[in-house]
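The values are calculated or read from the model by the stated rules, or taken from the named source; none is laboratory data. A quick note: this is a predicted structure, and the numbers were derived from the prediction, not measured. Virtual Cβ from ideal backbone geometry, glycine too; neighbours counted across all protein chains shown. Just so you know, the surface numbers come from the protein's heavy atoms only, side chains and all, with ligands and any DNA or RNA stripped out. Shrake-Rupley method; radii C 1.70, N 1.55, O 1.52, S 1.80 Å.
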Amino acid sequence: MRIGLLTEGGYPYATGEARLWCDRLVRGLPQHEFELYALSRSAEQERTRVPLPEHVTHVRTAPLWAPADDGRTYSRRERRRFADCFKELVHGICAGAPDPFAAGLYGLAGLAREQGGLYAALRSESAVRALEAACRAPGASRTVQAAQVTDLLEFVDELEGMLRPLSLDWYEENAHGEGLGAVDICHAAAGGVAALPGLLAKRFFGVPLLVTEYGVQLRAHYLAHLGGAGEGEESRPAVRALLGAFHLRLATEIYARADFLTPGNAHARRWQERCGATRDRLRTVYPGMEADRFTTVGEAADRGDPDTLVWVGRVEPAKDLIALLHAFAEVRRAEPRTRLRIFATAADPGYLADCRSLAAQLFPDEAADSVTVGENPVAFEEIGGPEAPSAAEAYGTGRVAVLSSVIEGFPITLAEAMLCGRATVSTDVGAVCEVIGGTGLVVPPRNPRALAEACLSLLGDAERAQRLGAAARARALELFTVEQNVAAFREIYLRLLAKGSERPDDGVPFARPPEARVPGHWTSPTWAKPAPDPTSEAAV
């Protein structure tokens, strides 16, 4: 069958776990044809394209970072149509009304499909005036009602970028056979804007839509933009409120219209259910990981240095390494021989500098005698360095792996530590408890004392640490491998195909029965055509 894979800021351009998951899925299903429809976030990202297998037949990309002005200006009738649709859209955003939002969204999509891009119309004075009227109307929140002209202009600018998929030429089948309208299934690798092309393909052509979320896009937006922690955030509450309302309405529409949803964990599933997804269309599918990369360490007799704690991940505030360093100070007071090795896969430079400074204050360099160079018990290293060429070797340097985050979705590094057979100490955030499943110790976040006590309990009991590590590896091999992930999506694809599409039949009942169409590259151009009349000239 033909699968239209939809991504935003990911495969086939970006690095990271989202890109790896898509690559593993595509390579694990070579019997299907994949067409990639990628929304890119920067020019630099587009230069990092990864090699693709042969059964990826088409790759189409559209930038969300570049201006999309096609020079199109609407006639008076078209401007009136745009104004009506846009008023419904912004009314749905400001008043929290799903029906007007959906009507406005699909109305704008239909206008863009028939007449061209929306760039100029979305940035016009009439659009700003319509938004202002919606903000001042009854039902809008006080924060939205207080929006100033600068807030309105900023939100309209943001809205144009998020609605750019409405103006793309991805939907109609072109001369090369490309087009979302011709695929058998649209599979969005994330929610939010990434799923918007699939939503339109379902609306225009009845193509089944599958949405996978390993990190809920709505939650990610709230964390990134609505916390008020960023520079200048305090000065734009109205913009934050409008953006949050848009993402909520879009998520609600996607969850309501998608044929099937595959959250990556129960934490993501709860978010989807609260936004209107029904349980009969939900199935939790854990992300697949390449277990072979961790086999050598996971099955080795050497369980790592018994006095070493290991932390692996991106060094950023959400990982709360500050709390980990304070916890390690208590560990050192009880067990002076203990070391902490921090392996960074990437880093926020400012936060890394703060962590290094705190480590230098808490743990002055120690020396065995007056002529030996002092050494700090906390080491900051990088994956790929001489001490740890790979993540597996980083986990192998210690007996206990630690996760100290205050914010997590699906904790990839925790699953990696489990595949390496390491006992783990983690904070109770995101899907941590679901991933651990009783094979590690879990403590409250932002509690250095509890974190220290849990680490000490495993450092002081080698037998318990080994037992938990073995159980963790067995659980990870059962739930978090590429094989189980690919098998799940193979079954879901077949289920959606068997269910049938909602493609229009030009008003003729049973004109296109499901059994008359063989999906994918097995279809012959003349297979489903009626046989010619043997008495006609064409048959002679």
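The numbered conditions (1) open to solvent by less than 10 Å² (accessible area, probe 1.4 Å); (2) in contact (Cβ under 8 Å) with a residue 60 or more places away in the chain are all true for G161 except (1).
Per this entry, G438 is not counted among residues that are touching a residue at least 40 places away in the same chain (Cβ under 8 Å) and more than 18 Å from V310 (Cα to Cα).
Search region 1-37 for residues being open to solvent by less than 30 Å² (accessible area, probe 1.4 Å) and β-branched (V, I, T), and hand back the single one that is farthest from G161 (Cα to Cα). Before the answer, list the steps.
Restricting attention to region 1-37, the residues satisfying the condition of being open to solvent by less than 30 Å² (accessible area, probe 1.4 Å) are 1, 3-7, 9-14, 21-26, 28-29, 32, 34-37.
From what is left, the residues that are β-branched (V, I, T) are 3, 7, 26.
On the way: I3: 26, T7: 16, V26: 28 Å.
Filtering first and then ranking leaves V26.
Only a single item in (1) touching a residue at least 24 places away in the same chain (Cβ under 8 Å); (2) open to solvent by 60 Å² or more (accessible area, probe 1.4 Å); (3) hydroxyl-bearing (S, T, Y) is not met by T212, and it is number (2).
Go over the candidates V183, V239 one by one and state the one that is of a type in the set (V, I, T), out of contact with any His (no Cβ under 9 Å at 6 or more places or on another chain) and surrounded by 22 or more Cβ atoms within 10 Å (Cβ to Cβ). Step through it out loud before you land on a result.
Values: V239 fails: out of contact with any His (no Cβ under 9 Å at 6 or more places or on another chain).
Testing whether each residue is of a type in the set (V, I, T), out of contact with any His (no Cβ under 9 Å at 6 or more places or on another chain) and surrounded by 22 or more Cβ atoms within 10 Å (Cβ to Cβ) leaves just V183.
Taking every residue in region 335-360 that is over 24 Å from D305 (Cα atoms) and pairing it with any residue that is open to solvent by less than 60 Å² (accessible area, probe 1.4 Å), at least 6 positions away or on another chain, the pairs with Cβ-Cβ distances below 7 Å are A347/V315; D348/V315; D348/E316; Y351/V315; Y351/E316; L352/V315; L358/I322; L358/L325.
Among the residues in region 463-480, are any part of a helix (DSSP H, G or I), of a type in the set (A, V, I, L, M) and in contact with an Asp or Glu (Cβ under 7 Å, 6 or more places away or on another chain)?
Within region 463-480, the first condition is being part of a helix (DSSP H, G or I), and the residues that meet it are 463-479.
Okay, now just the ones that are also of a type in the set (A, V, I, L, M), so 465, 468, 470-472, 474, 476-477, 479.
Retained after the next criterion (residues that are in contact with an Asp or Glu (Cβ under 7 Å, 6 or more places away or on another chain)): none.
No, there is no match, as no residue in region 463-480 is part of a helix (DSSP H, G or I), of a type in the set (A, V, I, L, M) and in contact with an Asp or Glu (Cβ under 7 Å, 6 or more places away or on another chain).
Inside region 70-97, can you point out the residues that are of a type outside the set (A, V, I, L, M, F, W, C) and surrounded by 13 or more Cβ atoms within 10 Å (Cβ to Cβ)? Selection gives R72, Y74, E78, R79, R81, D84, K87, E88, H91, G92, G96.
Scan region 192-207 for residues that are in contact with a Phe, Trp or Tyr (Cβ under 8 Å, 6 or more places away or on another chain) and either within 19 Å of V59 (Cα to Cα) or open to solvent by less than 10 Å² (accessible area, probe 1.4 Å) (or both) and jot them down. Don't jump to the end; show me each part of the working.
Taking region 192-207 and keeping what is in contact with a Phe, Trp or Tyr (Cβ under 8 Å, 6 or more places away or on another chain), we get 197, 200-201, 203-205.
Of everything in region 192-207, those that are in contact with a Phe, Trp or Tyr (Cβ under 8 Å, 6 or more places away or on another chain) and either within 19 Å of V59 (Cα to Cα) or open to solvent by less than 10 Å² (accessible area, probe 1.4 Å) (or both) turn out to be P197, L200, A201.
Can you say whether P445 is in contact with a strand residue (DSSP E or B) (Cβ under 6 Å, 6 or more places away or on another chain), open to solvent by 30 Å² or more (accessible area, probe 1.4 Å) and at pLDDT 50 or above, as far as the supplied structure shows? Yes: the conditions hold for P445. The number of residues in region 38-69 that are surrounded by 12 or more Cβ atoms within 10 Å (Cβ to Cβ) and of a type in the set (D, E) comes to 1.
If you take the residues in region 358-367 that are open to solvent by 40 Å² or more (accessible area, probe 1.4 Å) and assigned to a helix (DSSP H, G or I), which one is nearest to L451 (Cα to Cα)?
Applying the first criterion (open to solvent by 40 Å² or more (accessible area, probe 1.4 Å)) to region 358-367 yields 360-362, 364-367.
Now drop any that are not assigned to a helix (DSSP H, G or I), which leaves 360-362.
Numbers: A360: 20, Q361: 20, L362: 17 Å.
Per the stated criteria, the residue is L362.
If you go through region 16-44 and keep only what is within 26 Å of T413 (Cβ to Cβ) and more than 16 Å from the chain's Cα centre (by Cα), you end up with V26, R27, G28, S42, E44.
Considering region 313-357, and only residues there that are in a strand (DSSP E or B) and open to solvent by 50 Å² or more (accessible area, probe 1.4 Å), the residue that is modelled with the highest pLDDT turns out to be R339. Going residue by residue through region 291-303, is there one that turns out to be closer than 25 Å to L25 by Cα, surrounded by fewer than 17 Cβ atoms within 10 Å (Cβ to Cβ) and not charged (D, E, K, R)? Within region 291-303 (the criterion being closer than 25 Å to L25 by Cα, surrounded by fewer than 17 Cβ atoms within 10 Å (Cβ to Cβ) and not charged (D, E, K, R)), the answer is yes, since at least one residue qualifies. Checked against the criteria, L261 does not count as crowded, with 22+ Cβ neighbours inside 10 Å and closer than 29 Å to L152 by Cα.
Being of a type outside the set (D, E, K, R) and closer than 16 Å to A109 by Cβ, is that true of even one residue in region 133-152? Reasoning before the result, please.
Within region 133-152, the first condition is being of a type outside the set (D, E, K, R), and the residues that meet it are 133-135, 137-141, 143-150, 152.
If we keep only those that are closer than 16 Å to A109 by Cβ too, we end up with none.
No: zero hits.
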